[in-house]
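See structure below.
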Amino acid sequence: MTVSFIGKKSSAAGGWGALKSCGKRLLESGSPLTGARTMLKANQSDGFDCPGCAWGDPEHGSSFEFCENGVKAVSWEATEKRATPAFFAGNTVSELRKLSDYKLELNGRLTHPMRYDRASDRYLPVAWEDAFAEIGSMLKNLDSPDRAEFYTSGRASNEAAYLYQLFVRVYGTNNFPDCSNMCHEASGVALKQAIGVGKGTVLLEDFEKADAIFVIGQNPGTNHPRMLGDLRRAAIRGADVVVFNPVREKGLERFSDPQDKIEMLRGSSTEIASQYYQPRLGGDMAAVRGMAKAVFAAEDAAVAAGKAAVLDHDFLKEHCAGLADYRAAVDRTGWAEIEDQSGLSREEIERAADVYMRADRAICTWAMGVTQHLHSVATIREITNFMLLRGNIGRPGAGLCPVRGHSNVQGDRTVGINERPPAAFLDALEKHFGFSAPRTDGHNVIAAIGAMLDGSAQAFIGLGGNFARATPDSALVEKALGRMKLTVNIATKPNHSHLMPGEVSYILPCLGRTEMDLNSAGNSQLVSVEDSMSMVHGSAGINRPASPHLFSEVAILAGIAEATVGSGIVDWAALADDYDRIRDHIEATIPGFEDYNTRLRKPRGFLLRNTAAHREWNTPAGKASFSATPLPEETVHQRARKGGGRFALQTFRSHDQYNTTVYGLDDRYRGVYGERQVIFIHPEDLQAIGAAAGDRTDVVGDYDDGISRVAPDFRFVPYDIPRGSIAGYYPELNVLVPLSSAGDESDTPTSKSIMVSFRKSEAA
Ligand SMILES: Nc1nc2c(c(=O)[nH]1)N[C@H]1C(S)=C(S)[C@@H](COP(=O)(O)OP(=O)(O)OC[C@H]3O[C@@H](n4cnc5c(=O)[nH]c(N)nc54)[C@H](O)[C@@H]3O)O[C@H]1N2
Ligand SMILES: Nc1nc2c(c(=O)[nH]1)N[C@H]1C(S)=C(S)[C@@H](COP(=O)(O)OP(=O)(O)OC[C@H]3O[C@@H](n4cnc5c(=O)[nH]c(N)nc54)[C@H](O)[C@@H]3O)O[C@H]1N2
Ligand SMILES: [Mo]
């Protein structure tokens, strides 16, 4: 039987398919020459930072690092299409709401500031000054600054983010819901507890030295394509790449590097993963605990046989706390429990552990497959435990590497986008600027939605992003936004968050990364970003702005700030006219930014020092700390198996999307074409529920909070995925992610393990 939307999977990631796709993107952007020129400036020392992902750039970045999804991100922004006032005049907001995310953003770049007109249900153009004045007066008139929520998406530059947090704190609140709350929050929380700093400890060059690289819960072929180049070089040099992913992901199996002429000519590719394990959803903590169990067993055997130790005793003694308790916790965890929860056999886990023990230097990387579960913090603590056993933190070729998402999500946190700011940072702000900063913790994403729903929040400001579509329980969040007195979205393209207007609503269009940002003297302004390896570098756009009416994010924030809190404490306009001045303030208030303006202008920028990478541990124990948490009593897939035709669902990204931005309807690496409403499922599960490839189904949420959740009309795709675990795309499935299910200690929506069942689709 053939089903029209299921086709051939690419034989390897990258390769000619990637080049073809790039050509297509550049042509679609309407201006292939500008597009190609723009690409050549991505991630160069005198160009702009690619808005695609947060993977690091090579030390000697003179040659252009090719990346298919970078091309997509860049040509998406550099499109010739425009969502002008005429576009908004021709469509009511109610009509626009019927468009898919894909169709809506296809309308191109925003060109004018727009204000919602309720009478005609349309957005109408407005003057910048009028927009700032009304937003300022409405914010001033709220009965408390805590009634406003200030969202940040991780594309904002350090300069924009710092100015934003400064304005919001002068205004008087710490309400900073942030895309990071839905992303790597668990990594930040767990690493801070364990090693005293909530960031990764490796540099790009460590990938050249590692003997083993464990890649857990991430799909770099799609989401961090430049990382595949580093994995490929490691594989060629003979390093082991061990993958843990329930889904067989093409990019992790084989990769044909478009930078490699011979590989391209021969049509050959390199095998990436030397071992590929497919745990059940949320089974990673059990799998890693199993590997630790194998390491302890090998250590005992070595001691008994009088052989060299497996553990790094010197490191453990000098640098670590809590080993004995951890060992006891591992001893208490039985193999039956480990096998059932992980879905992997003891033999498989022991084989993976062997790779770890053979390696002098090991790196572990992870992303959303690890961070978007109930027990994500415990899982990342377990990964850290495992790495500590052989001293794999704080030496060359070894370390922890949470691979960040948005290109500056890490930098935004560094410069103060934080709903729970450290006291020392607030002290520094107060001292430097002379105002009293708010001291109570603010709202993260989940708390902000709660406050919007219960009426305690009345204004929503979004610095980028697509809050309505990225968050859980889409229907509830739409309602929440509609209840606001004021909604403001600073954006480059129209998205669904703009179509849930509050009483007063603005869309404020801004320059993108690729565009020149000129100040009043006509000089090009530089912004900066921090990648996953804590490298801070400069970014300056090269393209003409999409419209002469655009302001930079910094200028928009300065306009709102001046209209809201005045210029008594901070001269906002002066900062907006010279970003060097913003960087001077960053340098004065945040450690690590000494000589910021000078060092930023060096090719490749500079490294923010990571204490843990130098084996300095800012933890309560003053040492790297083991955790001794038991495995979760029951994960969603274990509960689902008890009956009722239930499954554990994860929501992930297709190859043709950037978060809520859908570039196209294909997922070439997974062999799905022209269709996004799909459910990937094991063929035997499909048979067991009496369905076949391509059949239509409704997906029904099964979470006992009394809310009914249905994602109608999805189609089955048989796939290589463990039984009981299924997958589908975000954001279409966000209607099923329960707002009330959030990670322990991280409060991250559990979008990688949602209990669901199927119901015959009315469309069937
Ligand atoms: N082109 C492109 N690039 C992007 C993005 C994009 O949308 N498009 N998004 C950016 C952002 S913000 C982020 S955060 C990153 C996201 O990067 P990823 O984390 O790679 O994103 P996801 O697509 O959510 O993929 C999660 C992967 O984890 C696996 N997984 C799911 N659950 C589990 C589990 O329980 N255990 C294990 N071991 N694996 C699991 C899935 O099968 C999938 O391969 O990418 C960034 N880069
Ligand atoms: N179910 C489920 N939900 C998830 C996830 C998941 O895996 N599953 N992943 C979560 C993760 S990891 C993240 S990071 C969030 C992402 O959440 P967000 O960051 O809120 O969403 P994006 O889709 O990245 O935002 C896209 C919008 O940003 C705007 N934009 C693009 N470039 C710029 C710019 O330069 N400046 C400004 N001001 N605006 C710009 C455009 O208008 C575009 O429509 O989603 C989370 N939600
Ligand atoms: Mo993310």
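Considered as a group, the residues in the range 600-619 that are open to solvent by less than 60 Å² (accessible area, probe 1.4 Å) and either assigned to a helix (DSSP H, G or I) or among the hydrophobic types (A, V, I, L, M, F, W, C) (or both) include one that is farthest from Ala161 (Cα to Cα), and that residue is Trp617.
In the range 749-756, the condition of being touching a helix residue (DSSP H, G or I) at 6+ places or on another chain (Cβ under 9 Å), closer than 27 Å to Met452 by Cα, open to solvent by 10 Å² or more (accessible area, probe 1.4 Å) and without any contact (Cβ under 8 Å) to a residue 40 or more places away in the chain is met by no residue. The residues of the range 249-273 that are under 25 Å from the mean Cα position of the chain (by Cα) and of a type in the set (A, V, I, L, M), listed by number, are Leu252, Ile272, Ala273.
For the range 328-346, the criterion of being in contact with an Asp or Glu (Cβ under 9 Å, 6 or more places away or on another chain), among the basic types (Lys, Arg) and in a helix (DSSP H, G or I) is met by at least one residue. Scan the range 451-469 for residues that are farther than 19 Å from Ser153 by Cα and either touching a Gly at 6+ places or on another chain (Cβ under 7 Å) or touching a residue at least 60 places away in the same chain (Cβ under 8 Å) (or both) and the total you get is 4. Remark: pairs (first residue in the range 406-433, open to solvent by 10 Å² or more (accessible area, probe 1.4 Å); second residue among the β-branched types (Val, Ile, Thr) and in a loop (DSSP other than H, G, I, E, B); Cβ separation under 6 Å; 6+ apart in sequence or on different chains) = Phe433/Ile569. Looking only at the range 670-684, residues that are more than 15 Å from ligand 2 (Cβ to nearest atom) and surrounded by fewer than 22 Cβ atoms within 10 Å (Cβ to Cβ) come to 7 in all.
Restricted to the range 153-192, and to residues that are aliphatic (A, V, I, L, M) and under 15 Å from Gln372 (Cβ atoms), which residue is nearest to ligand 2 (Cβ to nearest atom)? Result: Met182. Taking the condition touching a Gly at 6+ places or on another chain (Cβ under 7 Å) and either open to solvent by less than 20 Å² (accessible area, probe 1.4 Å) or aromatic (Phe, Trp, Tyr) (or both), does Phe255 pass? In short, yes. Residues in the range 685-740 that are over 17 Å from Lys752 (Cα atoms), crowded, with 23+ Cβ neighbours inside 10 Å and hydrophobic (A, V, I, L, M, F, W, C): Phe714, Phe716, Val717.
I want to confirm something. Restricting to the range 478-500 and keeping residues that are in a helix (DSSP H, G or I) and more than 10 Å from ligand 2 (Cβ to nearest atom), which single residue is surrounded by the most Cβ atoms within 10 Å (Cβ to Cβ)?
Taking the range 478-500 first, the residues in a helix (DSSP H, G or I) are 478-482, 496-499.
From the residues that got through so far, the ones that are more than 10 Å from ligand 2 (Cβ to nearest atom) too are 478-482, 499.
Working: Glu478: 18, Lys479: 14, Ala480: 27, Leu481: 25, Gly482: 16, Leu499: 25.
Restricting to residues being in a helix (DSSP H, G or I) and more than 10 Å from ligand 2 (Cβ to nearest atom), the top hit is Ala480.
Scanning the range 400-408 finds one or more residues that are within 16 Å of ligand 3 (Cβ to nearest atom) and among the hydroxyl-bearing types (Ser, Thr, Tyr). Applying the set (1) part of a loop (DSSP other than H, G, I, E, B); (2) open to solvent by less than 10 Å² (accessible area, probe 1.4 Å) to Ile380 leaves exactly one unmet item: (1).
Test Pro472 against the stated conditions and say whether it is within 16 Å of ligand 1 (Cβ to nearest atom), assigned to a loop (DSSP other than H, G, I, E, B), in contact (Cβ under 8 Å) with a residue 24 or more places away in the chain and more than 30 Å from Lys41 (Cβ to Cβ). It is true that Pro472 is within 16 Å of ligand 1 (Cβ to nearest atom), assigned to a loop (DSSP other than H, G, I, E, B), in contact (Cβ under 8 Å) with a residue 24 or more places away in the chain and more than 30 Å from Lys41 (Cβ to Cβ).
Residues in the range 176-200 that are away from ligand 3 (no atom under 14 Å from the Cβ), open to solvent by 10 Å² or more (accessible area, probe 1.4 Å) and under 18 Å from the mean Cα position of the chain (by Cα): Val189, Gly198, Lys199. Evaluate the range 364-373: report whether one residue or more is within 25 Å of the chain's Cα centre (by Cα), within 30 Å of Val529 (Cα to Cα) and away from ligand 2 (no atom under 16 Å from the Cβ). Yes, that holds for at least one residue.
Of the residues that sit in the range 406-434 and are within 16 Å of ligand 1 (Cβ to nearest atom) and in a loop (DSSP other than H, G, I, E, B), which one is farthest from the chain's Cα centre (by Cα)? Show your work before the answer.
Let us first name the residues in the range 406-434 that are within 16 Å of ligand 1 (Cβ to nearest atom), namely 406-413, 417.
Within this subset, residues satisfying the condition of being in a loop (DSSP other than H, G, I, E, B) are 406-408, 417.
Details: His406: 5, Ser407: 9, Asn408: 10, Ile417: 15 Å.
Here the residue is Ile417.
Across the range 359-377, which residue is farthest from ligand 3 (Cβ to nearest atom) among those that are of a type in the set (A, V, I, L, M) and open to solvent by less than 20 Å² (accessible area, probe 1.4 Å)? Checking each candidate, the answer is Ala359.
Every residue in the range 545-574 that is open to solvent by less than 20 Å² (accessible area, probe 1.4 Å) and either of a type in the set (Gly, Ala, Ser) or within 29 Å of the chain's Cα centre (by Cα) (or both), please. Correct list: Ala546, Ser547, Leu550, Ser552, Val554, Ile556, Leu557, Ala558, Gly559, Ile560, Ala561.
The residue that is nearest to ligand 3 (Cβ to nearest atom), among those in the range 623-656 that are in contact (Cβ under 8 Å) with a residue 24 or more places away in the chain, assigned to a loop (DSSP other than H, G, I, E, B) and open to solvent by 50 Å² or more (accessible area, probe 1.4 Å), is Thr629. Taking the criterion of being among the polar types (S, T, N, Q) and either modelled with pLDDT under 95 or farther than 16 Å from Tyr102 by Cβ (or both), the residues of the range 493-517 that qualify are Ser505, Thr514.
Criterion applied to Tyr356, Tyr276 was being surrounded by fewer than 19 Cβ atoms within 10 Å (Cβ to Cβ), under 28 Å from the mean Cα position of the chain (by Cα) and at pLDDT 95 or above, and the one residue passing it is Tyr276.
Residue-level check: of (1) within 16 Å of ligand 2 (Cβ to nearest atom); (2) on the phi < 0 side of the Ramachandran plot, Asp117 misses just (1). When Asp580, Asp584 are checked against the criterion of being part of a helix (DSSP H, G or I) and more than 26 Å from Lys41 (Cβ to Cβ), a single residue qualifies: Asp584. Counting only residues that are open to solvent by 50 Å² or more (accessible area, probe 1.4 Å), hydrophobic (A, V, I, L, M, F, W, C) and over 30 Å from the mean Cα position of the chain (by Cα), the range 93-138 holds 3 of them. Scanning the range 441-469 for residues being assigned to a helix (DSSP H, G or I) and either over 17 Å from the mean Cα position of the chain (by Cα) or within 16 Å of ligand 3 (Cβ to nearest atom) (or both) gives a total of 11.
The values are calculated or read from the model by the stated rules, or taken from the named source; none is laboratory data. None of these values were measured; they are calculated from a predicted model. Cβ sites come from the backbone with ideal geometry, for glycine too, and all protein chains shown count toward neighbours. What goes into the accessible areas is simple: the full protein's heavy atoms, side chains included, and nothing from ligands, DNA or RNA. Shrake-Rupley method; radii C 1.70, N 1.55, O 1.52, S 1.80 Å.
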